[in-house]
Amino acid sequence: DTGVSQDPRHKITKRGQNVTFRCDPISEHNRLYWYRQTLGQGPEFLTYFQNEAQLEKSRLLSDRFSAERPKGSFSTLEIQRTEQGDSAMYLCASSLRPRGNTEAFFGQGTRLTVV
Amino acid sequence: QKEVEQNSGPLSVPEGAIASLNCTYSDRGSQSFFWYRQYSGKSPELIMFIYSNGDKEDGRFTAQLNKASQYVSLLIRDSQPSDSATYLCAVEPQKLVFGQGTRLTINP
């Protein structure tokens, strides 16, 4: 499978715990996005990387959220001290920028439930 | 003003008819425009992209772009019940930004 891969698919955690999600993009893709999606809403931008550089982080994102892409390949998204409001689907997408087609493809997502 | 706006619907269309989905965007510097389909509980799936003014057709789908009016649309011809889903418009000025999606229901 050469698509975008996310792990885990589902995560249930207790409020106050830390969680980390992983995203493996399509192998030649240099751009990687993280989004959060709640029921009935479109994907909300969290952050994105061009290779290993984090180009932008949403102003709506608290300091409890951090993302890395250390070698320009896979990325991790960590949420510290989780709150019930963090319950959502976390989506990763990758694309090839600026050369080539710019279409972004999504992984299957990680569904987080904070109890 | 939101960066990308869509009518959240629901939009109900009889089977076999044309479904028309609309999207407006605020950043005039946007160069790339996308339509994604999302079934309940699944991740978004890319179905169309368009970079130039005018129409682009792919099977039953036609994307239309008017940069002067900052308007993108998606037409689905011969709508099928399997087209029932949420359709997300996405625009890429610098980063990829999504609208809230339009829920489409095709009635047999």
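The values are calculated or read from the model by the stated rules, or taken from the named source; none is laboratory data. Just so it is clear, the structure is predicted and the values come from calculations on it, not from any experiment. A quick note on method: Cβ atoms are made from the backbone with ideal geometry, for glycine too, and the neighbour counts reach across all protein chains shown.
I'm trying to understand the selection: among the residues of the range B:91-103, which are out of contact with any Phe, Trp or Tyr (no Cβ under 6 Å at 6 or more places or on another chain) and more than 8 Å from chain A (Cβ to nearest Cβ)?
The answer is B:Pro93, B:Arg103.
If I filter the range B:24-39 down to residues being closer than 15 Å to B:Gln64 by Cβ and away from every other protein chain (no Cβ under 12 Å), which single residue comes out as surrounded by the most Cβ atoms within 10 Å (Cβ to Cβ)?
Here the residue is B:Tyr25.
Out of the range B:20-58, which residues are among the acidic types (Asp, Glu) and not in a loop (DSSP other than H, G, I, E, B)?
Across the range B:20-58, the qualifying residues are B:Glu45, B:Asp55, B:Glu57, B:Asp58.
Go through the range B:5-19 and count every residue that is surrounded by 14 or more Cβ atoms within 10 Å (Cβ to Cβ) and either among the basic types (Lys, Arg) or part of a strand (DSSP E or B) (or both).
Looking only at that region, the number is 5.
Failed condition for B:Lys2, given (1) under 25 Å from A:Arg9 (Cα atoms); (2) in a loop (DSSP other than H, G, I, E, B), with all others met?
All conditions are met except number (1).
Here is a check on your reading of the model: is B:Thr86 surrounded by fewer than 19 Cβ atoms within 10 Å (Cβ to Cβ), among the β-branched types (Val, Ile, Thr), touching a strand residue (DSSP E or B) at 6+ places or on another chain (Cβ under 7 Å) and not in a loop (DSSP other than H, G, I, E, B)?
When the stated conditions are applied, B:Thr86 does not pass them.
Going by what's in this entry, would A:Leu61 be described as surrounded by 15 or more Cβ atoms within 10 Å (Cβ to Cβ), part of a loop (DSSP other than H, G, I, E, B) and within 14 Å of another protein chain (Cβ to nearest Cβ)?
yes
Kindly indicate the residue of the range A:26-45 that is over 15 Å from A:Gly85 (Cα atoms) and hydrophobic (A, V, I, L, M, F, W, C) and also nearest to the other protein chains (Cβ to nearest Cβ) among those meeting that condition.
Filtering the range A:26-45 for residues that are over 15 Å from A:Gly85 (Cα atoms) and hydrophobic (A, V, I, L, M, F, W, C), the one nearest to the other protein chains (Cβ to nearest Cβ) comes out as A:Phe45.
Among the residues of the range A:23-40, count how many are outside any strand (DSSP E or B) and either farther than 19 Å from B:Phe98 by Cβ or at pLDDT 95 or above (or both).
6
Determine if the range A:95-110 includes at least one residue that is aliphatic (A, V, I, L, M) and touching a residue at least 24 places away in the same chain (Cβ under 8 Å). Walk me through how you get there before you give the answer.
First, the residues of the range A:95-110 that are aliphatic (A, V, I, L, M): A:96, A:104.
Retained after the next criterion (residues that are touching a residue at least 24 places away in the same chain (Cβ under 8 Å)): A:96, A:104.
Scanning the range A:95-110, I find at least one residue that is aliphatic (A, V, I, L, M) and touching a residue at least 24 places away in the same chain (Cβ under 8 Å), so the answer is yes.
Within the range A:89-111, is there a residue that is away from chain B (no Cβ under 11 Å) and modelled with pLDDT of 95 or more?
no
Which one of the conditions (1) within 22 Å of B:Lys95 (Cα to Cα); (2) assigned to a strand (DSSP E or B) does A:Ser73 fail to meet, given that it meets all the rest?
For A:Ser73, the failing item is (2).
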